[in-house]
Ligand SMILES: Cc1cc2nc3c(=O)[nH]c(=O)nc-3n(C[C@H](O)[C@H](O)[C@H](O)COP(=O)(O)OP(=O)(O)OC[C@H]3O[C@@H](n4cnc5c(N)ncnc54)[C@H](O)[C@@H]3O)c2cc1C
């Protein structure tokens, strides 16, 4: 890492907030004014609203991520995890991908570590659950679902088939409703390529503890979203939760029991738990407590925004809700990052800080190809859209919001190709263990059999039945 005499602005996290804030700071900064260092365990930013479409194969997974080193050419990008912050010494501890952890001094600090899946101690969840926070999970889910169709198509065991063709999604917010919408659409569409699996053989179950889905688009459109999913054969169970899912046997509080190999967990997020080691003031649910200027309470050199921060919602407070906080979504993260970037520059130059204030512009959600819901807020008016028009709004909004022209063009190209070519339905499950086949070919041959074994093998050759253990050895060698 660089050891210049310039002040260092350390950005912890290269997601939405980290990437946009670092870009803003670099844009506004004078030449040589500071060193911007971004630390993230991944070398790329993930555009999470596109994860469901990546899972459905409508967008190439590589186009959903933005390489940090490429879009931040003047910044120092370190691939690793910030594990602790020492505020007295203004030093962060970084655990790199490999090797010893080291200390990194900073002058200004941006906390942008986002959120992690919010889970509960449900028996079986850790072993069976599939999250939907990163591109790896999105690719994994796609491969897994298509693999279930491959399995069901090739077995004669009805129990295995049923379990493979049952897909359970827990959580019906943005992430859950969009993911089940996209995956159901993709899986039923893929059925046409299978001899022994039809669209109607699949069972999709959506569960939410609340009494509605898609709260982000309001009650009417949420109800429409539910009715729409049900019209496609999705079973939606509200005001209930999952009690257990040991070995894929899902038990819901409402008494329903199903067996499934696919349990997708999208039941909300919580602030990154690593924050508890940073010694920063935290709110009741673990968010970093910030002022409207995005400065962390009680500090003038640390800022925080996005899913890991509780930022006062000035618009909501002006309207009379004293306890209004900005919700954790991309709309706020993006705008907060820009104000945060400006405030870091102002802080460095001794200028006053700007307060963050943003009125909700609405929400868009895609529920599969040509299906969606959208609520656009224009002043006091709320425009509600559904179906194909809402889906175009969803694609248009997110396509343009995708960072960098390079990525925007790739996404629109994927969609355009998708209009002419059929959806890709190949399962590349083996990608998760790419070395397995080579290992089988290259692993050292087993030691030469001892005298006693030789006798057994000789007996086998002569048509005699060897002992069970010896058969296994011979088979392994043959394969
Ligand atoms: C499936 C899905 C769909 C969504 N759809 C929508 C939508 O349609 N509309 C909408 O407005 N919002 C949507 N969201 C929410 C939106 O993506 C988030 O609100 C937004 O990403 C928050 O940005 P952030 O920078 O706070 O966090 P993130 O973008 O998650 O970035 C956090 C970064 O911190 C890094 N990090 C974590 N720990 C450390 C550490 N110890 N040290 C260094 N770095 C660390 C992570 O690797 C990550 O890169 C969706 C989210 C999901 C999961």
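Here, each number is a calculation from the coordinates, and none is a lab measurement. Remember, it's a predicted structure, so these values are computed and weren't measured experimentally. Don't worry about glycine lacking a Cβ; one is built from the backbone with ideal geometry, like all the others, and counts go over all protein chains shown.
With helices as the sole contributors, the chain gives -10500 deg cm²/dmol at 222 nm; each DSSP H run of n ≥ 4 counts as -39500 (n - 2.57), and the sum is divided by every residue. The slack in the chain from residue 102 to residue 230, taken as 0.36 nm per residue of separation less the alpha-carbon distance, amounts to 40.8 nm. DSSP beta bridges confined to region 222-309 are antiparallel in about 90 percent of cases.
Relative to the longest principal axis of the Cα atoms of the chain, the long axis of helix 468-478 makes an angle of roughly 70 degrees. Taking the centroid of alpha carbons for each part, region 379-412 and region 284-363 are 25 Å apart. Quick one: angle between helix 388-401 and the longest Cα principal axis of the chain, in degrees between 0 and 90, rounded to 10, please. Between helix and principal axis, roughly 70 degrees.
Using 0.36 nm per residue and subtracting the Cα-Cα separation, the extra length available between residue 192 and residue 211 on full extension is 3.4 nm. Here the scattering of the chain is modelled by Debye summation over its C-alpha atoms, one equal scatterer each and no solvent; at q = 0.09, 0.11, 0.14 Å⁻¹ the log10 of I(q)/I(0) is -0.70, -0.98, -1.39. In this label model, residue 62 and residue 154 are separated by 2.7 nm, measuring between points 7 Å along each Cα→Cβ vector. Modelled spin-label separation between residue 74 and residue 435, with each label point placed 7 Å from Cα along the Cα-to-Cβ direction: 4.1 nm. For region 1-116, what does the alpha-carbon gyration tensor say about shape, rounded, prolate or oblate, given a ≥ b ≥ c as the root eigenvalues, a/c under 1.5 as rounded, and a/b over b/c as prolate? Taking the square roots of the gyration eigenvalues as a ≥ b ≥ c, region 1-116 is prolate.
Annotation for residue 200 and residue 244: the two label points, set 7 Å from Cα along the Cα-Cβ direction, are 3.5 nm apart.
Could you state the orientation-averaged shadow area of the convex hull built on the Cα atoms of region 121-186, in nm² to one decimal? Before the final figure, lay out the partial values.
Details: hull surface 20.8 nm².
Convex hull of Cα atoms, orientation-averaged projection: 5.2 nm².
Within the chain, DSSP assigns beta bridges of which about 55% are antiparallel (rounded to the nearest 5). Entry note, the chain: relative contact order of 16 percent, from Cα contacts under 8 Å with a spacing of 6+ residues.
Quick one: Kirkwood hydrodynamic radius for region 185-299, alpha-carbon pairs, angstrom, one decimal? List each step's numbers first, then the result.
On the way: mean 1/r = 0.0562 Å⁻¹.
Result for region 185-299 stands at 17.8 Å.
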